[in-house]
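Chemist: Just dropping this structure here.
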Amino acid sequence: MIIKIQFNYEADTEYIICPAKIGRNIRQLQRDFDKWLYDRENNHPYWVIAHEDEEGNKFYGVCFNADAFVYWLNNVRFKKGKNVARLIEVPNKPPKKTIRF
């Protein structure tokens, strides 16, 4: 199944392809990904320092695109050794679903 991914802060649109079994639950998977992404206990490469105060305290935010979602699907949520999703450049048919970040 082809999924269209749009970002509120970018004009770019990205596409992923995954089995229909995963695509049917893509919105719930997106919510689970958001929880994982913003949990400071998770050490992932999408953390960026958003602000540092005068005392040296760092405040973090996240910076990511569709490859982060694909990474999470393949390595965190479904980690049985077989990739379940991948980015595609141009879909050969219309996407079945759209998600927005």
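Chemist: Find how much the distance from ASP67 to LYS97 grows on full extension, using 0.36 nm per residue of separation minus their present alpha carbon separation; answer in nm with one decimal.
Modeler: Roughly 9.1 nm would be gained on extension.
Chemist: Now a separate question. So for the pair VAL48, LYS35, with labels modelled 7 Å out along Cα→Cβ, what separation do we get in nm?
Modeler: With each label placed 7 Å out from Cα toward Cβ, I get 2.6 nm.
Chemist: Once fully extended, how much extra length lies between ASN75 and THR13, figured as 0.36 nm per residue of separation less the alpha-carbon to alpha-carbon distance?
Modeler: 20.0 nm
Chemist: With r defined as the distance between the Cβ atoms of ASN25 and VAL90 and R0 fixed at 22 Å, what FRET efficiency is calculated, to the nearest 0.05?
Modeler: Step by step, r from the Cβ atoms, then E = 0.30.
Chemist: Which percentage, to the nearest 5, of the DSSP beta bridges contained in the chain is antiparallel? List each step's numbers first, then the result.
Modeler: Working: 13 of 17 bridges.
Percent antiparallel among DSSP bridges in the chain is about 75.
Chemist: May I ask you to compute the full-extension gain from ASN57 to ILE2, defined as 0.36 nm times their residue separation minus their alpha-carbon distance, rounded to one decimal in nm?
Modeler: Extending this stretch completely gives an extra 15.6 nm.
Chemist: Run the numbers on the chain and let me know its relative contact order in percent, using alpha-carbon pairs under 8 Å that are six or more apart.
Modeler: Numbers: 136 pairs, mean separation 43.6, N = 101.
Taking the mean separation of contacting Cα pairs over the length of the chain, I get 43 percent.
Chemist: Right, something else. Once you have a ≥ b ≥ c as the square roots of the Cα gyration tensor eigenvalues for the chain, tell me rounded if a/c is under 1.5, and otherwise prolate or oblate according to whether a/b is larger than b/c.
Modeler: In terms of gyration-tensor shape, prolate.
Chemist: So, one more: GNM on the chain, C-alpha springs below 10 Å: top fluctuator among PHE59, PHE69, PHE78?
Modeler: PHE59
Chemist: I would also like to ask the following. Which order do you get for LYS93, LYS21 if you rank them by accessible area with a 1.4 Å probe, largest at the top?
Modeler: On the way: LYS93 125, LYS21 150 Å².
Accessible-area ranking of LYS93, LYS21, largest first: LYS21, LYS93.
The values are calculated or read from the model by the stated rules, or taken from the named source; none is laboratory data. If you're wondering where the values come from, they're calculated on a predicted model, not measured in any experiment. With ideal geometry, Cβ positions are generated from the backbone for all residues, glycine too; neighbour counts draw on all protein chains shown. Areas reflect the complete protein model, heavy atoms only, side chains present, ligands, DNA and RNA absent. Shrake-Rupley method; radii C 1.70, N 1.55, O 1.52, S 1.80 Å.
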